[in-house]
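**Q** Can you read through this structure? Questions will come right after.
The values are calculated or read from the model by the stated rules, or taken from the named source; none is laboratory data. All values derive from a computational prediction rather than experimental measurement. Note: ideal-geometry Cβ built from the backbone for every residue, glycine included; neighbour counts use all protein chains shown. Calculation scope for accessible area: heavy atoms of the full protein, side chains included, ligands and nucleic acids excluded. Shrake-Rupley method; radii C 1.70, N 1.55, O 1.52, S 1.80 Å.
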Amino acid sequence: MSLMRRPVLQLNASYEALRIIPAMRALKLVTKGKAVVELATNKLIYPGIYLPSVIRLVVYKHVPLRMQVTTRRNILVRDGYRCQYCGEKFRGGDLTLDHVIPRSQGGKNSWENLVACCRKDNHRKADRTPEEAGMPLKRRPLPASVHTGRFILRSMGLAVNEWGRYLYADSDGDRRFAVRG
Ligand SMILES: [Zn+2]
């Protein structure tokens, strides 16, 4: 992976973990004076400048509870481009979005009700719930948050231990994906 695309944890001015962004965007925020580096890696990118691992916004930003919009791409990224029924990895163009609870049964266009699904499984599942179709989900779809970000990082094989003390500071008490070690 290119260094500039390496994930960086973005904190609010209050030190609350906000989101995970690519290093390139993090560096832009820092050079514009909008953020400061809280934790740097040992990877030198320019003379005297180390790749950041954690940055913090200078000015507090009010962020609504649901930080990210439900888009096809965001769902595919959350699911690591894997069909959530067969577990196989596909190119984006070969994946569809499946409504876990079908729209015909009142299923919504929400993070919790949309999953990446290959064409074959989408056809097989049709207008049924996973239970009705006998097709259990590989994992429960979660809303976008720092927690799902961590999920994505783990699936990418990245160590996020260095972020532990920032992520543990979360106030929502959700420790399901707490960093171990
Ligand atoms: Zn599939």
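**Q** Residues in region 46-62: is at least one away from the ligand (no atom under 16 Å from the Cβ), closer than 26 Å to L114 by Cα and either over 14 Å from the mean Cα position of the chain (by Cα) or assigned by TED's automatic domain parsing to the domain that holds A116 (or both)?
**A** In the first step, residues of region 46-62 are kept if they are away from the ligand (no atom under 16 Å from the Cβ); the result is 46-62.
Still in the running and closer than 26 Å to L114 by Cα: none.
Looking through region 46-62, none of the residues is away from the ligand (no atom under 16 Å from the Cβ), closer than 26 Å to L114 by Cα and either over 14 Å from the mean Cα position of the chain (by Cα) or assigned by TED's automatic domain parsing to the domain that holds A116 (or both).
**Q** Further question: Among the residues of region 1-38, which ones are touching a Pro at 6+ places or on another chain (Cβ under 8 Å) and not charged (D, E, K, R)?
**A** Matches in region 1-38: M4, P7, V8, I20, I21, P22, A23, A26, L27, V30, V37.
**Q** Look at D94 and say whether it is of a type in the set (D, E) and buried (at least 19 other Cβ atoms within 10 Å of the Cβ).
**A** no
Residue-wise test of (1) at pLDDT 90 or above; (2) open to solvent by 20 Å² or more (accessible area, probe 1.4 Å); (3) among the aliphatic types (A, V, I, L, M).
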{"residue": "A35", "(1), (2), (3)": "yes, no, yes"}
{"residue": "A40", "(1), (2), (3)": "yes, yes, yes"}
{"residue": "P52", "(1), (2), (3)": "yes, no, no"}
{"residue": "V59", "(1), (2), (3)": "yes, yes, yes"}
{"residue": "M67", "(1), (2), (3)": "no, yes, yes"}
{"residue": "R73", "(1), (2), (3)": "no, yes, no"}
{"residue": "R78", "(1), (2), (3)": "no, no, no"}
{"residue": "C83", "(1), (2), (3)": "yes, no, no"}
{"residue": "E88", "(1), (2), (3)": "yes, yes, no"}
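**Q** Working only within region 97-147, note down all residues that are surrounded by fewer than 17 Cβ atoms within 10 Å (Cβ to Cβ), closer than 30 Å to L9 by Cα and in contact with a Lys or Arg (Cβ under 9 Å, 6 or more places away or on another chain).
**A** Matches in region 97-147: N109, E112, K138, L142, P143.
**Q** Can you tell me which residue within region 117-142, out of those that are more than 18 Å from V77 (Cα to Cα) and of a type in the set (A, V, I, L, M), is nearest to the chain's Cα centre (by Cα)?
**A** Among them, the one singled out is M135.
**Q** What are the residues in region 11-36 that are farther than 14 Å from V59 by Cα and more than 21 Å from the chain's Cα centre (by Cα), if any?
**A** T31
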